[in-house]
Amino acid sequence: MCNYYAMYIIAIAWLYVVILMAATEKSVTSGLLTFVFYGLLPCALLLWILGVKHRRHYKNRQLLNQDVCNPDCGDTQADQENLT
């Protein structure tokens with residue numbers, strides 16, 4: 001779990017560096033383009049790729065909780081055989 005929070009620290013540090021880079025550009029347009037193409041897009045891609053493992057774990061955890069809370073809904077055939 002600690003490694004998951006480390007990627008946010010990396011993203012915040014990278015965005016800080018890119019903001020400083022964008023602030024030194026000669027025009028506002030080039031500053032915005034620097035921020036978007038050096039900062040936002042790579043950072044979003046990094047967070048998406050590194051977050052796949054966490055999202056998969058969270059989804060499996062939710063499915064497991066559903067199975068534990070309602071264990072009888074999966075096998076209805078066994079219930080019908082006991083009635084006859």
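The values are calculated or read from the model by the stated rules, or taken from the named source; none is laboratory data. This structure is a prediction, so every number in the text was calculated from the model and none was measured. When we count neighbours, we look across all protein chains shown, and the Cβ atoms used for this are built from the backbone with ideal geometry, even at glycine. Ligands, DNA and RNA are stripped out before the accessible areas are found, and what is left, the full protein with its side chains, is counted by its heavy atoms. Shrake-Rupley method; radii C 1.70, N 1.55, O 1.52, S 1.80 Å.
Mind listing whichever residues of the range 11-21 are open to solvent by less than 100 Å² (accessible area, probe 1.4 Å) and more than 14 Å from the chain's Cα centre (by Cα)? ALA13, LEU15, VAL17, VAL18, ILE19, LEU20, MET21 - these are the residues of the range 11-21 that are open to solvent by less than 100 Å² (accessible area, probe 1.4 Å) and more than 14 Å from the chain's Cα centre (by Cα). Look at (1) at pLDDT 70 or above; (2) part of a helix (DSSP H, G or I) and you find that ASP72 fails only one, number (1). Of all residues in the range 22-61, those satisfying the criterion of being assigned to a helix (DSSP H, G or I), of a type in the set (S, T, N, Q) and open to solvent by less than 80 Å² (accessible area, probe 1.4 Å) are SER30, THR34. Inspect the range 9-30 for any residue being modelled with pLDDT under 90, of a type outside the set (Val, Ile, Thr) and in contact with a helix residue (DSSP H, G or I) (Cβ under 8 Å, 6 or more places away or on another chain) and give the result as yes or no. Within the range 9-30, one or more residues are modelled with pLDDT under 90, of a type outside the set (Val, Ile, Thr) and in contact with a helix residue (DSSP H, G or I) (Cβ under 8 Å, 6 or more places away or on another chain).
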